[in-house]
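J.: A single structure is presented below for examination.
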Amino acid sequence: MARKPLRGLYAVTPEALSGGALYRAAEAACGGGAVVLQYRNKSTDAAQRRTDADALRAITTVCGTLFVINDDIELARACGADGVHIGRDDGDPARARARLGKDALLGVSCYDDPALARAAAAAGADYVAFGSMYASGTKPQAPPAAITRFAEVAGLGLPRCAIGGITLARAPELIAAGADLLAVVSDLFDADDIAARARAYARLF
């Protein structure tokens with residue numbers, strides 16, 4: 001089956017959510033039109049992470065949403081996720097690609113560095129992410145990334161993802177600058193109506 005185009009809302013789960021609250025929120029985000037759901041949780045135990053990942057895999061399968069695990073290749077393989085997103089501290093992208101296989105989705109954080117994006121592309125990444133685009137409550141210490149980075153790496157031919165402090169009001173300028181994916185945590189999952197907020201993001205594309 002052909003993979004959906006990597007363009008649209010990229011929902012990243014908040015670490016504060018687990019169990020039923022997480023599953024309901026994820027279902028709302030996916031039902032509202034998120035094209036990717038990333039499970040990110042570095043604080044809970046391995047058993048709960050596996051339980052959460054299995055439940056989210058089931059939800060995304062029903063919704064037709066791509067499911068990505070943050071950092072953990074073995075968890076992604078165990079739960080049948082579509083792929084993994086890695087950062088600079090999570091190992092070499094080429095090794096991740098070799099471990100995941102050629103068909104898995106591989107995303108790589110490139111912060112504010114086009115050279116990292118070029119290296120990720122050479123290693124077999126499926127998309128590259130830049131950020132923090134704005135001040136972020138999720139990662140308050142993250143250095144800012146220039147909005148011009150999306151145009152600078154357009155020649156790589158890979159989808160480009162923006163992350164960090166993204167809101168519905170800020171989203172149009174990122175899309176206009178060349179962002180194909182908007183990775184959103186707080187502005188999506190803190191909304192009173194998560195599905196409606198996801199639909200609002202989806203309409204921008």
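J.: Run residue 192 past the list (1) touching a residue at least 24 places away in the same chain (Cβ under 8 Å); (2) under 20 Å from residue 33 (Cβ atoms) and report the number of the one that doesn't hold.
T.: The single condition residue 192 does not satisfy is (1).
J.: Looking at segment 156-170, I want the residues that are more than 18 Å from residue 194 (Cβ to Cβ) and have a partner that is open to solvent by 60 Å² or more (accessible area, probe 1.4 Å) with Cβ atoms under 7 Å, at least 6 apart or on another chain. Which pairs are those?
T.: So the pair list comes out as 156/118; 159/7; 164/139; 165/135.
J.: Of all residues in segment 56-81, which are touching an Asp or Glu at 6+ places or on another chain (Cβ under 9 Å) and either free of Cβ contacts under 8 Å to residues at least 24 places away in the same chain or exposed (fewer than 14 other Cβ atoms within 10 Å of the Cβ) (or both)?
T.: Selection gives 62, 72, 80.
J.: Scan (1) of a type outside the set (Lys, Arg); (2) open to solvent by 10 Å² or more (accessible area, probe 1.4 Å); (3) in contact (Cβ under 8 Å) with a residue 60 or more places away in the chain; (4) out of contact with any Phe, Trp or Tyr (no Cβ under 7 Å at 6 or more places or on another chain) for the single condition residue 14 breaks and write down its number.
T.: In the conditions (1) of a type outside the set (Lys, Arg); (2) open to solvent by 10 Å² or more (accessible area, probe 1.4 Å); (3) in contact (Cβ under 8 Å) with a residue 60 or more places away in the chain; (4) out of contact with any Phe, Trp or Tyr (no Cβ under 7 Å at 6 or more places or on another chain), residue 14 misses (4) alone.
J.: Next question, about the same structure. Within segment 18-38, work out how many residues are open to solvent by less than 40 Å² (accessible area, probe 1.4 Å) and under 14 Å from residue 188 (Cα atoms).
T.: Looking only at that region, the number is 13.
J.: Against the condition of a type in the set (A, V, I, L, M) and touching a strand residue (DSSP E or B) at 6+ places or on another chain (Cβ under 9 Å), how does residue 135 come out, does it pass? Steps first, answer last, please.
T.: Details: of a type in the set (A, V, I, L, M): yes; touching a strand residue (DSSP E or B) at 6+ places or on another chain (Cβ under 9 Å): no.
Judged against the criteria, residue 135 is not a match.
The values are calculated or read from the model by the stated rules, or taken from the named source; none is laboratory data. Quantities reported herein were computed from a predicted structural model and do not represent experimental measurements. Don't worry about glycine lacking a Cβ; one is built from the backbone with ideal geometry, like all the others, and counts go over all protein chains shown. Side chains are part of the model used for accessible areas, which takes the heavy atoms of the whole protein and leaves out ligands, DNA and RNA. Shrake-Rupley method; radii C 1.70, N 1.55, O 1.52, S 1.80 Å.
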